[in-house]
């Protein structure tokens with residue numbers, strides 16, 4: 001949809017394993033070609049964007065690799081990068097093709113093509129990772145693609161990327177899930193009353209954990225190495241707050257909350 005809006009005249013091909021998203025795409029004229037034939041969809045393309053769960057990237061690449069043209073760039077929208085480069089990136093590089101990792105910091109907890117938005121990338125940031133050592137011209141091409149769709153580009157390496165997104169995306173997702181689980185954990189709680197009273201604070205705090213559990217299991221598993229140190233630090237911090245509350249140490253609790261406010265404001 002974004003390519004349709006910002007790059008008129010560019011041929012768009014869409015592949016999916018299931019028929020239902022392709023039917024929706026045809027009905028809404030989202031692509032020139034909507035197909036379940038991966039090899040034909042990719043054949044001759046200048047840019048291939050992998051938008052499936054990252055655990056499927058390598059198998060898909062093995063299916064379409066021989067159909068890639070000489071100038072083709074393969075990228076993705078995955079939330080982790082180390083495993084992606086180790087898997088599909090290395091495979092494509094060894095096969096004589098070019099892979100550059102992309103991670104648009106955009107989206108929502110809603111699932112399915114029916115929730116797609118043409119303006120999704122406007123004012124978003126896309127992280128690019130180049131572990132396969134693509135040349136400057138290739139990087140310029142992929143950066144130009146994302147900028148044309150309204151995004152800015154942030155270049156980093158896979159390990160740094162995974163650590164950064166662990167802090168600002170993956171661990172917060174776990175915290176959102178914990179908040180939801182905690183609210184519903186007391187069997188004495190009246191669920192109807194909770195639902196009636198829950199307002200913007202609870203909704204905003206827990207919104208992201210309504211995302212696909214299957215997708216997030218992949219993300220958290222693949223980035224566990226970067227996530228675990230943050231979680232361990234959080235457990236220690238929670239123990240400190242628990243102690244402050246139990247002992248009624250108001251001034252120290254106030255200082256803790258001030259530090260949290262300052263931390264949040266320094267990031268966004």
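Residue-by-condition table, conditions (1) under 19 Å from residue 1 (Cβ atoms); (2) under 14 Å from the mean Cα position of the chain (by Cα):
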site	(1), (2)
34	yes, no
79	no, yes
85	no, no
88	no, no
105	yes, yes
108	yes, yes
119	yes, no
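When restricted to residues that are touching a helix residue (DSSP H, G or I) at 6+ places or on another chain (Cβ under 7 Å) and loosely packed, with under 11 Cβ neighbours inside 10 Å, region 246-257 contains 0. Residues that are in contact with a helix residue (DSSP H, G or I) (Cβ under 6 Å, 6 or more places away or on another chain) and either over 30 Å from residue 86 (Cα atoms) or not assigned by TED's automatic domain parsing to the domain that holds residue 21 (or both) within region 115-132 comprise just one, 118. Put simply, of 33, 23 the only residue that is in contact with a strand residue (DSSP E or B) (Cβ under 7 Å, 6 or more places away or on another chain), more than 25 Å from residue 126 (Cα to Cα) and surrounded by fewer than 16 Cβ atoms within 10 Å (Cβ to Cβ) is 33. Summed over region 69-114, residues that are in a helix (DSSP H, G or I), farther than 27 Å from residue 168 by Cβ and modelled with pLDDT under 90 total 1.
If you go through region 1-28 and keep only what is in contact with a helix residue (DSSP H, G or I) (Cβ under 8 Å, 6 or more places away or on another chain) and assigned to a loop (DSSP other than H, G, I, E, B), you end up with 7, 10, 12, 16.
The values are calculated or read from the model by the stated rules, or taken from the named source; none is laboratory data. Given the structure is predicted, the values throughout are model-derived calculations rather than measurements. Glycine also receives a Cβ, built like all others from the backbone with ideal geometry; neighbour counts cover every protein chain displayed.
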